[in-house]
Amino acid sequence: MLQLRFVKGGLTFLGVKRISVLNAAFQSTQRVEYKPIKKVLVANRGEIATRVFRACTELGIRTVAVYSEQDTGQIHRQKADEAYLIGKGLPPVQAYLNIPDIIKVAKENEVDAVHPGYGFLSERSDFAQACTDAGVRFIGPSPEVVRKMGDKVEARAIAIRAGVPVVPGTDSPISCLTEAKEFSNIYGFPIIFKAAYGGGGRGMRVVRSYEELEENYTRAYSEALSAFGNGALFVEKFIEKPRHIEVQILGDKYGNVVHLYERDCSIQRRHQKVVEIAPAAQLDPQLRDRLTHDSVKLAKQVGYENAGTVEFLVDKHGKHYFIEVNSRLQVEHTVTEEITDVDLVHAQIHVAEGKSLPDLGLKQENIRINGCAIQCRVTTEDPSRGFQPDTGRIEVFRSGEGMGIRLDSASAFQGAVISPHYDSLLVKVIAHAKDQQVAATKMSRALAEFRIRGVKTNIPFLQNVLNNNQFLHGTVDTQFIDENPDLFNLRPVQNRAQKLLHYLGHVMVNGPTTPIPVKAKPSSVDPVVPPIPMNDPPPGFRDILLREGPEGFAQAIRRHKGLLLMDTTFRDAHQSLLATRVRTHDLKKIAPFVSHNFNNLFSLENWGGATFDVAMRFLYECPWRRLQELRELIPNIPFQMLLRGANAVGYTNYPDNAVFKFCEVAKENGMDIFRVFDSLNYLPNMILGMEAAGRAGGVVEAAISYTGDVADPTRTKYTLDYYVNLAEELVKAGTHILCIKDMAGLLKPKASDMLIRSLRDKFPNVPIHVHTHDTAGAGVASMLACAHAGADIVDVAVDSMSGMTSQPSMGALVACAKGTDQDTGIQLEKVFDYSEYWEVARGLYSAFDCTATMKSGNADVYENEIPGGQYTNLHFQAHSMGLGNKFKEVKKAYAEANKILGDVIKVTPSSKIVGDLAQFMVHNDLNREAVETMADELSFPLSVVEYLQGYVGIPYGGFPEPFRSKVLKDLPRIEGRPGATLPPMDFSILETKLKSKYDDITPEDIMSAAMYPKVFEEYKDFSTQFGPVECLNTRLFLEGPKIAEEFEVELERGKTLHIKALALGDLNKAGQREVFFELNGQLRSVLVKDTQAMKEMHFHPKALKDVKGQIGAPMPGKVIDMKVKEGDKVEKGQPLCVLSAMKMETLVNSPVSGTVKKVYVKPDMHLEGEDLLLEIE
């Protein structure tokens, strides 16, 4: 029997306590009317809405979704039985904060209860009250409890009254910055601002100094106002490096409260949880008891019902501090469900219906921890950019699954559009296992199975967390991410398949990505590789080189009986015939056959020269990768490359250390013989290249570029003595092999005999190698004459890739030498097989084949002296620039341009300079006399100007005067070797720069960037966008697939894509077409911008010739750089801009003095001839 004692009209303490006990007993025994819920509206979006809908469906409850105008395509509205638009005309977030609209939908559709989810209105007491007032149950605590717990200051006061330890902080929300200053003066820094009416890291800012106070206060207030509709903040002392532990509680309407143990949410960035674990690792059992006891005590203090979370900070001494109560379901509730086997959403609904926790079997003694669960929040955020949210269309979505894995997803599906309006959460992945290590293994495996393309995700970062030793075997605190920068060493996502689909779609919509000179389609027939033995290839000359070194190799060559051949099919042949466009894909296929059947070749010329930049510029391949792959396939034949002396593989001068480094890296990647030349035979440039190749350990083959005719006594500049004397200097400099580089095919049989015999007599112990072209058709005869005169090696190309501007025929020379002292030892039948492959392969490159317009060789090369490779390139460029019908004039102009420049040695880059001037002359209808007369007025190609300045070197006989002075005017001149004055290249700075922009930068990439900075950048950008296009066969690379065509693409050994092109969509408003494929049996689509459609909408004004101040583009091309801007004063002859067309750059000079009135172009703009550049008045 309860006894009460009154003392002076009041109750004694004992009486108060007994009444309190009585009330608690009454609450626990009273019965609340049970009202089953038949229809639930979820006032939320995304994965939490879907989670609640699923629970309702399992309980037989009908569901209602609400959605904003921006969320019409979201999955949550499709998962519900009914869905209604709210917040019409409002901003995206405000729509879900529109209480009247939500209540209206609930009332109009006979909704029994509203579930708030998390975020948005979930902790707004006015929303809970509005639901109650409307007669709709709020699945959560009572409005009063939501108010108390949602007001973090009041919640803090309640905790203090309940005897729960708290962090020092303000008693109420601060109203101004001054109050924050006063708090910091009392407690010192660091402090933390927190939103009074919301969580999730929004409105939360740590301040470590007085200087940061105002800025962080402003930002925290703004974030809180935007996220929760109220910017109120309170301030706490910031606990350094705590663990963030939270306890899941569940209460009913009868005063029962249980805990479901704790979760460790310490892995955070910007106070937002990233990975959650239940239970907390290595948590002291006594501390666990204190945390759970305080959580239940606090909940009972306020009469808490439904689900909630009590959050604590635990310092390094094991002391815990209450921070807040989240009176709602948490994002991370899933891990608690996994380890306790309690469905929290079911429990929430049943409690709201009036059931007690005992009715649900939820007694504290029955709730046990079973194993460990980890949750990872997969978001569309880019960890490498400070977790910046990414937006766009999900092109591919494939999730990880399997035993122990649970997925709670939002709108994660192929075709979903990720907008910038809402949270970046894509899917929650939960792994459950017996302990944390096994759960982490399952999680890692599941994340590795994910394929999400079209938007960046944080999966690589999450994988690093899961593999971190501290995470797996220790404890983590809230500074874990900040103190482990290696977590940001992200493994790049390859995404190869989708990128290739983008490329194929791009080609299908816009045509080839590489410029096509003639309208010819690639052959539909792929070449067949002849049979290849399964055993290793037989030994070759490379075995001698590796065994005896460069000197021993040179002696072995000199001792060899018979004529040795160098095969140029892999480089100069296709440079000469097919504009250097042959891809690694086709070289690799035939490489094993060459290795097995042509092991007695002196070498394969397969690298360097124009192939280096063209590989990146037009084929989008890595030239180093080509070298590596061919070296692996052909281990027995020496490789030879072209090294342009001090120009390395470029068209300009490089610092000396760059040339040395290039040779070193080339040798490391499998290069053997360095054929070193200079475009002007400028000895200082050649010697630098020789030293670089020699120091790298390569075979040095010094090459003298040949021009003129030593057999013609009227040609007095480049005489026999000139060549013999130059050869003597090169032998003194230490060349292993002496080469004559007849790049235009000017060596006639008589001249061949005279030159080679003189060199053999002068240098009996030095191997002699002769390189030529067959433009005039006399190549085989001349090479046989060289062999008879004492040459050890001559160049050939396989029959179907020989002749015309290429090298003489391999088959013809092998047949002619057979049975003689010059017998090559090569089987003619194997040459035929080799030739058959290339005959078919050549058909794939018909758009680049010189035979499209040039049907035969031409002896006029003896007059114009155009090098073989350039002959084709010049032809290609002429067609690209609209001068195809004037190619004869270009050739004549080439001869005149050569004379204007002083009759120079013509080989890259000097040959390019002559070619640039020739095209300039034809385009502007100029002859030699006009050029020389008007030299001080014309805007010459940049290459011509730089040549005259001395950037290429000093030509034999000096520069032409007065032409040089008239062109240069006051421009600076370089004396001596151009590269000698350049400062050394800092490769460490270059490496840092590249690694900050691109993933997986190799030493070879650094050299590519050093040689061709802009080309390399464009190549890397292309590869990033379109992936490994080198895996595609050549027809697909150039033309793309036909609709309904099925094909395979081998990404690497054992990984093959099966692709079918399905359809090409119509043009949309954004200028895009959707291209549909089937990839490995699954439908895929990509959006491709139709560049041609966009071009047709662009009209650029033309320069009017009769208006003196209008400056037009002298030729079609791209704007590289602007030298002036509107309002600038300019003088006559002053540079205005730089244009580029097909590797030729032109400096446009002002024809008049005046002021720039208007600029019509900008860098990277593509122009037609005479397009208006700017106006000068």
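The values are calculated or read from the model by the stated rules, or taken from the named source; none is laboratory data. Remember, predicted model here, so these are calculated numbers, not experimental data. Glycine gets a Cβ as well: all are built from the backbone with ideal geometry, and neighbour counts include every protein chain shown. The accessibility values were calculated without ligands, DNA or RNA, using every heavy atom of the protein model including side chains. Shrake-Rupley method; radii C 1.70, N 1.55, O 1.52, S 1.80 Å.
Here is a list: LYS1060, LYS1042, LYS1108. Which entry is assigned to a loop (DSSP other than H, G, I, E, B), at pLDDT 85 or above and not aromatic (Phe, Trp, Tyr)? Lay out the reasoning, then the answer.
On the way: LYS1060 fails: assigned to a loop (DSSP other than H, G, I, E, B); LYS1108 fails: at pLDDT 85 or above.
Exactly one residue qualifies, and that residue is LYS1042.
Among the listed residues GLY811, GLY803, GLY857, identify the single one that is in contact with an Asp or Glu (Cβ under 7 Å, 6 or more places away or on another chain) and open to solvent by 30 Å² or more (accessible area, probe 1.4 Å). Full working, then the answer.
On the way: GLY811 fails: open to solvent by 30 Å² or more (accessible area, probe 1.4 Å); GLY803 fails: open to solvent by 30 Å² or more (accessible area, probe 1.4 Å).
Answer to the check: GLY857.
What's the number of the only condition in (1) open to solvent by 10 Å² or more (accessible area, probe 1.4 Å); (2) modelled with pLDDT of 90 or more; (3) within 37 Å of the chain's Cα centre (by Cα) that SER209 fails to meet?
(3)
Test of understanding: among GLY540, GLY505, GLY549, which residue is small (Gly, Ala, Ser), more than 30 Å from VAL275 (Cβ to Cβ) and buried (at least 22 other Cβ atoms within 10 Å of the Cβ)? Spell out how you get there, then give the answer.
Numbers: GLY540 fails: buried (at least 22 other Cβ atoms within 10 Å of the Cβ); GLY549 fails: buried (at least 22 other Cβ atoms within 10 Å of the Cβ).
From the options GLY540, GLY505, GLY549, the qualifying one is GLY505.
Please find, within the range 284-295, the residue that is surrounded by the fewest Cβ atoms within 10 Å (Cβ to Cβ) out of those that are in contact with a strand residue (DSSP E or B) (Cβ under 9 Å, 6 or more places away or on another chain) and free of Cβ contacts under 8 Å to residues at least 60 places away in the same chain.
Step one: list which residues in the range 284-295 are in contact with a strand residue (DSSP E or B) (Cβ under 9 Å, 6 or more places away or on another chain), which gives 287-288, 290-295.
If we keep only those that are free of Cβ contacts under 8 Å to residues at least 60 places away in the same chain as well, we get 287-288, 290-293, 295.
On the way: LEU287: 18, ARG288: 18, ARG290: 18, LEU291: 25, THR292: 20, HIS293: 13, SER295: 27.
Residue satisfying both the conditions and the ranking: HIS293.
Of everything in the range 359-401, what is buried (at least 20 other Cβ atoms within 10 Å of the Cβ) and polar (S, T, N, Q)? Give them in sequence order.
If the condition is that a residue be buried (at least 20 other Cβ atoms within 10 Å of the Cβ) and polar (S, T, N, Q), then GLN375, THR379, THR380 are the ones that fit.
Looking at LYS762, LYS750, which is the one that is assigned by the TED database to the domain that holds GLY549, of a type outside the set (A, V, I, L, M, F, W, C), over 29 Å from HIS574 (Cα atoms) and at pLDDT 95 or above?
Values: LYS750 fails: over 29 Å from HIS574 (Cα atoms).
The unique qualifying residue is LYS762.
Which of the numbered conditions does GLY1081 fail, given that it passes all the others? Conditions: (1) at pLDDT 85 or above; (2) over 30 Å from PHE1047 (Cα atoms); (3) loosely packed, with under 12 Cβ neighbours inside 10 Å; (4) not polar (S, T, N, Q).
Of the numbered conditions (1) at pLDDT 85 or above; (2) over 30 Å from PHE1047 (Cα atoms); (3) loosely packed, with under 12 Cβ neighbours inside 10 Å; (4) not polar (S, T, N, Q), the odd one out for GLY1081 is (2).
Select from the range 847-868 the residues that are aliphatic (A, V, I, L, M), within 16 Å of ILE905 (Cβ to Cβ) and part of a helix (DSSP H, G or I) and list them in ascending order.
Once the filter is applied, which keeps residues that are aliphatic (A, V, I, L, M), within 16 Å of ILE905 (Cβ to Cβ) and part of a helix (DSSP H, G or I), the range 847-868 yields only VAL861.
Within the range 42-74, restricting attention to residues that are among the charged types (D, E, K, R) and open to solvent by 30 Å² or more (accessible area, probe 1.4 Å), which residue is nearest to ARG124 (Cα to Cα)? Even if it seems obvious, please write down each step before you answer.
Looking only at the range 42-74, we keep the residues that are among the charged types (D, E, K, R), and these are 45, 47, 51, 54, 58, 62, 69, 71.
In the following step, the residues that additionally are open to solvent by 30 Å² or more (accessible area, probe 1.4 Å) were identified as 45, 54, 58, 62, 69.
Working: ARG45: 17, ARG54: 24, GLU58: 28, ARG62: 25, GLU69: 23 Å.
By that ranking, first place goes to ARG45.
If you take the residues in the range 686-705 that are over 18 Å from ASN669 (Cα atoms) and charged (D, E, K, R), which one is least open to solvent (accessible area, probe 1.4 Å)?
The residue in question is GLU701.
Looking at the range 225-254 only, could you name the residues that are over 19 Å from LEU329 (Cα atoms), outside any strand (DSSP E or B) and open to solvent by 10 Å² or more (accessible area, probe 1.4 Å)? Quick ask: steps written out before the conclusion?
Of the range 225-254, the ones over 19 Å from LEU329 (Cα atoms) are 225-226, 229-243, 254.
Those still in the list that are outside any strand (DSSP E or B) too: 225-226, 229-232, 238-242, 254.
Once the filter is applied, which keeps residues that are over 19 Å from LEU329 (Cα atoms), outside any strand (DSSP E or B) and open to solvent by 10 Å² or more (accessible area, probe 1.4 Å), the range 225-254 yields LEU225, SER226, GLY229, ASN230, ALA232, PHE238, ILE239, GLU240, LYS241.
Would you pick out the residues in the range 683-703 that are of a type outside the set (S, T, N, Q) and assigned to a helix (DSSP H, G or I)? Full working, then the answer.
From the range 683-703, those of a type outside the set (S, T, N, Q) are 683-684, 686-703; that's our starting set.
Residues satisfying the conditions are LEU683, PRO684, MET686, ILE687, LEU688, GLY689, MET690, GLU691, ALA692, ALA693, GLY694, ARG695.
Matching residues to (1) assigned by the TED database to the domain that holds GLY1133; (2) more than 26 Å from ASP799 (Cβ to Cβ); (3) open to solvent by less than 10 Å² (accessible area, probe 1.4 Å); (4) modelled with pLDDT of 90 or more:
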{"position": "ILE826", "(1), (2), (3), (4)": "no, no, no, yes"}
{"position": "GLU836", "(1), (2), (3), (4)": "no, no, no, yes"}
{"position": "LEU844", "(1), (2), (3), (4)": "no, no, yes, yes"}
{"position": "GLN870", "(1), (2), (3), (4)": "no, no, no, no"}
{"position": "ALA897", "(1), (2), (3), (4)": "no, yes, yes, yes"}
{"position": "ILE900", "(1), (2), (3), (4)": "no, yes, yes, yes"}
{"position": "ALA918", "(1), (2), (3), (4)": "no, yes, yes, yes"}
{"position": "GLU932", "(1), (2), (3), (4)": "no, yes, no, yes"}
{"position": "ALA935", "(1), (2), (3), (4)": "no, yes, yes, yes"}
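Looking only at the range 304-322, filter to residues that are open to solvent by 10 Å² or more (accessible area, probe 1.4 Å) and touching a strand residue (DSSP E or B) at 6+ places or on another chain (Cβ under 8 Å); which one of those is farthest from GLN436 (Cα to Cα)? Even if it seems obvious, please write down each step before you answer.
Taking the range 304-322 as the starting set, the residues that turn out to be open to solvent by 10 Å² or more (accessible area, probe 1.4 Å) are 305, 313, 315-321.
Remaining after also requiring touching a strand residue (DSSP E or B) at 6+ places or on another chain (Cβ under 8 Å): 305, 313, 315, 320-321.
Details: GLU305: 31, LEU313: 21, ASP315: 22, HIS320: 23, TYR321: 25 Å.
Checking each candidate, the answer is GLU305.
Has the range 142-165 got any residue that is under 47 Å from the mean Cα position of the chain (by Cα), of a type in the set (Val, Ile, Thr) and either crowded, with 20+ Cβ neighbours inside 10 Å or at negative phi (or both)?
The answer is no, given that none of the residues of the range 142-165 is under 47 Å from the mean Cα position of the chain (by Cα), of a type in the set (Val, Ile, Thr) and either crowded, with 20+ Cβ neighbours inside 10 Å or at negative phi (or both).
Starting from the range 972-992, take each residue that is without any contact (Cβ under 8 Å) to a residue 60 or more places away in the chain and list its partners that are part of a helix (DSSP H, G or I) and surrounded by fewer than 12 Cβ atoms within 10 Å (Cβ to Cβ), counting only C-beta distances under 8 angstrom and pairs at least six apart or across chains.
Note: pairs meeting the criteria are ILE974/THR981.
Conditions tested, residue by residue: (1) surrounded by fewer than 18 Cβ atoms within 10 Å (Cβ to Cβ); (2) assigned to a strand (DSSP E or B).
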{"site": "HIS76", "(1), (2)": "no, no"}
{"site": "ALA83", "(1), (2)": "no, yes"}
{"site": "GLY87", "(1), (2)": "no, no"}
{"site": "LEU90", "(1), (2)": "yes, no"}
{"site": "PRO100", "(1), (2)": "yes, no"}
{"site": "VAL105", "(1), (2)": "no, no"}
{"site": "VAL111", "(1), (2)": "no, no"}
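Within the range 493-507, can one find any residue that is assigned to a loop (DSSP other than H, G, I, E, B) and not hydrophobic (A, V, I, L, M, F, W, C)?
yes
So which residues in the range 784-813 are more than 47 Å from the chain's Cα centre (by Cα), assigned to a helix (DSSP H, G or I) and free of Cβ contacts under 8 Å to residues at least 60 places away in the same chain? Give the steps one after another, and end with the answer.
Residues of the range 784-813 that are more than 47 Å from the chain's Cα centre (by Cα), as a first pass: 784-792, 812-813.
This time we only want the ones that are assigned to a helix (DSSP H, G or I), so: 784-789, 812-813.
Once the filter is applied, which keeps residues that are more than 47 Å from the chain's Cα centre (by Cα), assigned to a helix (DSSP H, G or I) and free of Cβ contacts under 8 Å to residues at least 60 places away in the same chain, the range 784-813 yields LEU784, ALA785, CYS786, HIS788, ALA789, ALA812.
For the range 859-877, does any single residue satisfy the condition of being of a type outside the set (A, V, I, L, M) and without any contact (Cβ under 8 Å) to a residue 24 or more places away in the chain?
Looking only at the range 859-877, we keep the residues that are of a type outside the set (A, V, I, L, M), and these are 860, 862-865, 867-873, 875-877.
This time we only want the ones that are without any contact (Cβ under 8 Å) to a residue 24 or more places away in the chain, so: none.
Within the range 859-877, not a single residue is of a type outside the set (A, V, I, L, M) and without any contact (Cβ under 8 Å) to a residue 24 or more places away in the chain.
Do we find that GLY976 is in contact with an Asp or Glu (Cβ under 8 Å, 6 or more places away or on another chain), closer than 26 Å to ILE704 by Cα and not assigned by the TED database to the domain that holds TYR723 in this structure? Steps first, please.
On the way: in contact with an Asp or Glu (Cβ under 8 Å, 6 or more places away or on another chain): no; closer than 26 Å to ILE704 by Cα: yes; not assigned by the TED database to the domain that holds TYR723: yes.
Considered against the rule, which asks whether it is in contact with an Asp or Glu (Cβ under 8 Å, 6 or more places away or on another chain), closer than 26 Å to ILE704 by Cα and not assigned by the TED database to the domain that holds TYR723, GLY976 comes out as no.
LEU546: within 26 Å of PRO592 (Cα to Cα), touching a residue at least 60 places away in the same chain (Cβ under 8 Å) and over 32 Å from the mean Cα position of the chain (by Cα), yes or no?
Details: within 26 Å of PRO592 (Cα to Cα): yes; touching a residue at least 60 places away in the same chain (Cβ under 8 Å): no; over 32 Å from the mean Cα position of the chain (by Cα): yes.
Judged against the criteria, LEU546 is not a match.
When you look at SER424, is it touching a residue at least 40 places away in the same chain (Cβ under 8 Å), surrounded by fewer than 18 Cβ atoms within 10 Å (Cβ to Cβ) and under 16 Å from VAL274 (Cβ atoms), yes or no? Before the answer, list the steps.
Working: touching a residue at least 40 places away in the same chain (Cβ under 8 Å): yes; surrounded by fewer than 18 Cβ atoms within 10 Å (Cβ to Cβ): no; under 16 Å from VAL274 (Cβ atoms): yes.
Against the criterion (touching a residue at least 40 places away in the same chain (Cβ under 8 Å), surrounded by fewer than 18 Cβ atoms within 10 Å (Cβ to Cβ) and under 16 Å from VAL274 (Cβ atoms)), SER424 does not qualify.
Can you name the number of the only condition in (1) of a type in the set (Val, Ile, Thr); (2) open to solvent by less than 40 Å² (accessible area, probe 1.4 Å); (3) touching a strand residue (DSSP E or B) at 6+ places or on another chain (Cβ under 9 Å) that VAL724 fails?
So VAL724 meets the others, but not (3).
So which residues in the range 753-800 are among the small types (Gly, Ala, Ser), open to solvent by 30 Å² or more (accessible area, probe 1.4 Å) and within 28 Å of LYS732 (Cβ to Cβ)?
Of everything in the range 753-800, just one residue is among the small types (Gly, Ala, Ser), open to solvent by 30 Å² or more (accessible area, probe 1.4 Å) and within 28 Å of LYS732 (Cβ to Cβ), namely SER758.
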